[in-house]
């Protein structure tokens, strides 16, 4: 009956069809999957894009399933071992009597070492904590990829707009120089230089457009939808190039929190705890694990005997345990000690790597901001030059070609400023990655701190 009860309930089959899962993913649309967020067609800020990614990203869903799978082992670790039943038949031959059969059963009860179940439960809990730290790292990886993709989309969009304006200005300059060459004012070799510069700008525009298409693809992958789901959905990050608004205040607490609380450190700590738990389990194996085996057998004393008077029964009790004759479990204990030492060294190495990442990011950010300020100075100079050319043309002392040339220089300076803003935003993102916390913007309201439990 116990055997039948154990086999009665079983989960049903759940087959997977790749064609169905592929069709379901292709049909994903943001407005259908994120009803709690504003309509995507209105444009989302970074926090709203991140909220969608936390819900839809398949890698995060897989990581959460891994956590659930590992957490299920905690229930297994808490279970008591079931006894084992053995059924047997024994043929007995006795002198002066006919042979007979004995039928019996025995049970094998495992008497675990003291604290063995508690150690197993502790080990399973540590593995769950380890999986949670990996999930926290996966969440931040998705956030970093999403921010970079949004930056690529916004920057390439603005760059394309400036390059289109630059192409129009270069075309105006080319037309003006052709007219001047036809009038004999300038050499026709300057026309070739103008055509070459126009071709370069057109090539830069095609590169920016290709970069934007690639960024949209990476954005879709970070969110967890096909590229078709992002058609005609604007990216709302208009002030991304305003580097003056990025003013992170350095905090020693952020650095300390990252060095002791980032998921990579938590992962290394849990690995060390697992190695320590394994060592304690190996040390406990120096004590024997007992098997208690009670048994019962019954039968008759031959086919010619009276079955009521010739009934025979036997009872037995056995105890089994390992004899430490050839080894005292020193080999596995030595292996566990070595694994614990290696886990300790891994923690030190992981922390040293974080030191390097944080130091590099803290040094790169002010330099990138200074480069942006220098580029802003170049734009200011180009603007003054353009204004001077306008005044000169209005006073009749200048010409149209000089004004167009000044406008080209202004647009080139704006492109230089845009590239410096992109580098500064990337450096700021690297600083956030080093601390593992959003430092500014709407994402700072989301629970993405350095502590994976937050």
Check whether at least one residue in the stretch 338-351 is surrounded by fewer than 18 Cβ atoms within 10 Å (Cβ to Cβ), within 31 Å of the chain's Cα centre (by Cα) and farther than 30 Å from residue 141 by Cα, and report yes or no.
yes
Please find, within the stretch 212-232, the residue that is nearest to the chain's Cα centre (by Cα) out of those that are outside any helix (DSSP H, G or I) and either crowded, with 18+ Cβ neighbours inside 10 Å or free of Cβ contacts under 8 Å to residues at least 40 places away in the same chain (or both).
224
Quick check on the stretch 371-382. Is at least one of its residues under 25 Å from residue 175 (Cα atoms), in contact with a helix residue (DSSP H, G or I) (Cβ under 7 Å, 6 or more places away or on another chain) and in a helix (DSSP H, G or I)?
yes
Would a scan of the stretch 19-36 turn up a residue that is modelled with pLDDT of 90 or more, touching a helix residue (DSSP H, G or I) at 6+ places or on another chain (Cβ under 7 Å) and within 21 Å of residue 148 (Cα to Cα)?
yes
Looking for something within 24 Å of residue 318 (Cβ to Cβ) and either surrounded by fewer than 17 Cβ atoms within 10 Å (Cβ to Cβ) or touching a residue at least 40 places away in the same chain (Cβ under 8 Å) (or both) - is there at least one such residue anywhere in the stretch 117-138?
yes
Residues satisfying the stated conditions in the stretch 233-257, i.e. farther than 30 Å from residue 358 by Cβ and surrounded by fewer than 16 Cβ atoms within 10 Å (Cβ to Cβ):
234, 236, 238
Restrict the check to the stretch 395-412 and report whether at least one residue is closer than 27 Å to residue 138 by Cβ, in the same structural domain as residue 51 (by TED's automatic domain parsing), surrounded by fewer than 20 Cβ atoms within 10 Å (Cβ to Cβ) and in contact (Cβ under 8 Å) with a residue 60 or more places away in the chain.
no
Tally up the residues in the stretch 316-353 that are outside any helix (DSSP H, G or I) and farther than 18 Å from residue 276 by Cα, please.
13
Only one of (1) closer than 25 Å to residue 154 by Cα; (2) buried (at least 16 other Cβ atoms within 10 Å of the Cβ) fails for residue 74. Which number is that?
(1)
Qualifying positions in the stretch 103-149 - touching a strand residue (DSSP E or B) at 6+ places or on another chain (Cβ under 6 Å) and closer than 24 Å to residue 205 by Cα
none
Quick one: residue 217 ticks every box in (1) at negative phi; (2) modelled with pLDDT under 95 except a single one, so which number is it?
(2)
Among 198, 174, 190, which is assigned by TED's automatic domain parsing to the domain that holds residue 159, out of contact with any strand residue (DSSP E or B) (no Cβ under 6 Å at 6 or more places or on another chain), surrounded by 13 or more Cβ atoms within 10 Å (Cβ to Cβ) and under 21 Å from residue 159 (Cα atoms)?
198
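The values are calculated or read from the model by the stated rules, or taken from the named source; none is laboratory data. All of these numbers come straight from a predicted model, not from anything done at the bench. Please note: Cβ atoms are built from the backbone with ideal geometry, for glycine as well, and neighbour counts cover all protein chains shown.
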